[in-house]
Number of protein chains: 2
Amino acid sequence: MSIIGVGLLGGSIGMAVKSVITDCEIIGYGHREDTLKRAIQVGAIDRGTGDFRSAVEGSDLVILCTPVGLLGEMLRGISGFVKAGAIVTDVGSTKASVVAAAVEILPDGVPFVGSHPMAGSEKRGVEFARADLYRNALCIVTPSDRTPASAVNEVEGFWRLLGMHTCRMSPADHDRALAEASHLPHALAAALVTMQSAEAMALAGKGFLDTTRIAGGDGGLWRDIFIDNAGNMRASIAKLRDQLDAIEKLMEPGKGEELRKWLDAAAAKRRALLQEKLREVTPD
Amino acid sequence: MSIIGVGLLGGSIGMAVKSVITDCEIIGYGHREDTLKRAIQVGAIDRGTGDFRSAVEGSDLVILCTPVGLLGEMLRGISGFVKAGAIVTDVGSTKASVVAAAVEILPDGVPFVGSHPMAGSEKRGVEFARADLYRNALCIVTPSDRTPASAVNEVEGFWRLLGMHTCRMSPADHDRALAEASHLPHALAAALVTMQSAEAMALAGKGFLDTTRIAGGDGGLWRDIFIDNAGNMRASIAKLRDQLDAIEKLMEPGKGEELRKWLDAAAAKRRALLQEKLREVTPD
């Protein structure tokens, strides 16, 4: 199999595969020699190359692990060399554009199945890769109407092999839901940090650090995601603005009881989510 | 000394005082008998009462530990009974209104020194109180122009005795900075949870849970804070809206480089804050 882009996500896939399968050669594609060397050293790949043909020509499974903004370029790079019957997937945080690009770029007989394994870290680079990064996390698989069922099943089986749960969504539904649940929260965390005066920052406590933790992520990765998912981001920002309007109205005199109810409802909704997540990671 | 309101914050003060001073009687005021009993059981207070006179008449230090919305009522309750020369302080998250109310309500010769010990939890109730809740955290002391310096020094000394760092700010500066660094983040966390569709919530991961952790807090406490600090909250919401405008502009075509810079700057600002906080808790 081939891993195109050997950073935190790609490297962790290699290590995870090696922890469960022994007879599979893993080839890493990258354009920086030292990254490929480190990937071999940490046991993420068997060999590295900066050449697309050498990276994919024998592989049954090709996984694109670059930032979202480079996925089109990677698809164009591999399209002439990936063998018929091989399956291509990816790990990007947005799905509509890459699924559409793959249909356009990859030859017939090479199905693309979009994947979004929901695991990661603010850290980047293969030196932070770990075999258990994906264990117990959710992978969203996003087939289109045209994706062969057998390819979808194979890709789901692959992620389950790494210890993931899987679910299926259309690329469009995925991008809409992720804008709300992940991309907007990231933008908000960055906005909250950016707007702080020096006086306010001096008083920031544990709550502020937690709320803004995800703002510590890599700017380039998130830039790609925001731009690729800009339409849904704008819709999510509009929904948030409505909530800000609601808060401002509820701070008016005589609305105390309504404001308390609004806050309690948010707290209860979050508690329910937390319970749900705890159930997911704690099997009966 | 007297603790008016024996919940998480008041109870933790009692336990912390008992861990460093042995010859100080701690009286807890509350209107629920079972709360006072539990407070005695966990070692937070020596005796409890629902009577203001009995709660404060012999005390040198009276600490108001109720939700912000009840502070005026508590000041009126104790004002006829607190002895001349005693000092009154509080633990509220907003300071301008309580400092103004204290000047109005307390008799001459009973100085009020506003305090905001920045410690707490989403949990509430004396059963979660702990002697080390305040250790190594920051307490903001907010004297007015009229607060006697000796009273400010005594109150600062008290918080340091519990292991806190202290700093001074005017009540108005405090409330402005806290709206940005604490109250708006709380409102945003609640807004983020509230706006989520069921589809999006199903995909919420660790990042979302971290970002919204503070939304799990008690609605009544935060209602009081938002209403009391509504003016500064509106100003902070306006600053956030400006950031949302900025993000929307940066998602337009050709702005990728600017968007990356904006995100990287936020990440760098947060990293600097984290370093600062780590330095504070790790003495040389």
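Tabulated data
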| read-out | value |
| --- | --- |
| Unique match (being modelled with pLDDT of 95 or more and either outside the structural domain of B:Asp90 (by TED's automatic domain parsing) or within 18 Å of A:Met201 (Cα to Cα) (or both)) among B:Leu161, B:Leu188 | B:Leu188 |
| Hits in the stretch B:43-100 (condition: within 28 Å of B:Ala149 (Cβ to Cβ), of a type in the set (Val, Ile, Thr) and over 14 Å from the mean Cα position of the chain (by Cα)) | B:Val56, B:Val62, B:Ile78, B:Val82, B:Ile87, B:Val88, B:Val99 |
| Leading residue by the ranking (nearest to A:Asn229 (Cα to Cα)) among those in the stretch A:98-125 that are in contact with a Leu (Cβ under 8 Å, 6 or more places away or on another chain) and within 14 Å of chain B (Cβ to nearest Cβ) | A:His116 |
| Count of residues meeting criterion [among the aliphatic types (A, V, I, L, M) and out of contact with any Asp or Glu (no Cβ under 9 Å at 6 or more places or on another chain)] in the stretch B:165-188 | 6 |
| All helices (runs of 4 or more DSSP H) inside the stretch B:1-111 with 3 or more residues being surrounded by fewer than 16 Cβ atoms within 10 Å (Cβ to Cβ) | B:33-41, B:96-105 |
| Test: A:Ile27 is in contact with a helix residue (DSSP H, G or I) (Cβ under 9 Å, 6 or more places away or on another chain) and over 19 Å from A:Pro111 (Cα atoms) | yes |
| Helices (runs of 4 or more DSSP H) contained entirely in the stretch B:149-232, each with at least 3 residues that are more than 7 Å from chain A (Cβ to nearest Cβ) and surrounded by fewer than 19 Cβ atoms within 10 Å (Cβ to Cβ) | B:149-161 |
| Residue ID - farthest from the other protein chains (Cβ to nearest Cβ), chosen from residues in the stretch B:251-268 that are hydrophobic (A, V, I, L, M, F, W, C) and under 36 Å from the mean Cα position of the chain (by Cα) | B:Ala268 |
| Test for B:Ala187: is it within 30 Å of A:Arg135 (Cα to Cα) and either under 18 Å from the mean Cα position of the chain (by Cα) or of a type in the set (A, V, I, L, M, F, W, C) (or both) | no |
| Where A:Arg270 falls short, out of the listed (1) without any contact (Cβ under 8 Å) to a residue 12 or more places away in the chain; (2) surrounded by fewer than 18 Cβ atoms within 10 Å (Cβ to Cβ) | (2) |
| Failed item, numbered, when A:Arg241 is tested on (1) at pLDDT 95 or above; (2) not in a helix (DSSP H, G or I) | (2) |
| Close pairs from the stretch B:126-139: first more than 12 Å from every other protein chain (Cβ to nearest Cβ), partner among the charged types (D, E, K, R), Cβ under 6 Å, at least 6 apart | B:Val126/B:Arg38 |
| Hits in the stretch A:39-54 - residues which are out of contact with any helix residue (DSSP H, G or I) (no Cβ under 7 Å at 6 or more places or on another chain) and under 13 Å from A:Gly80 (Cα atoms) | A:Asp51, A:Arg53, A:Ser54 |
| Residues being among the acidic types (Asp, Glu) and farther than 20 Å from B:Leu36 by Cα - total across the stretch B:53-98 | 1 |
| Test: residue in the stretch B:55-67 that is of a type outside the set (S, T, N, Q), closer than 26 Å to B:Pro143 by Cα and within 14 Å of chain A (Cβ to nearest Cβ) | yes |
| Members of the stretch B:97-127 that are over 23 Å from B:Leu8 (Cα atoms) and out of contact with any Phe, Trp or Tyr (no Cβ under 8 Å at 6 or more places or on another chain) | B:Ala100, B:Ala101, B:Glu104, B:Ile105, B:Pro107, B:Asp108, B:Gly109, B:Val110, B:Pro111 |
| Residue check for B:Ala215: within 15 Å of B:Ala181 (Cα to Cα) and not assigned by TED's automatic domain parsing to the domain that holds B:Met195 | no |
| Residue list for the stretch B:244-254, filter: surrounded by 14 or more Cβ atoms within 10 Å (Cβ to Cβ) and part of a loop (DSSP other than H, G, I, E, B) | B:Met251 |
| Residue satisfying all of: in the stretch B:255-284; among the acidic types (Asp, Glu) and either modelled with pLDDT of 95 or more or in a loop (DSSP other than H, G, I, E, B) (or both); farthest from A:Ala204 (Cα to Cα) among these | B:Glu257 |
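The values are calculated or read from the model by the stated rules, or taken from the named source; none is laboratory data. Remember, it's a predicted structure, so these values are computed and weren't measured experimentally. Here Cβ is always computed from backbone atoms with ideal geometry, including for glycine, and neighbour counts include all displayed protein chains.
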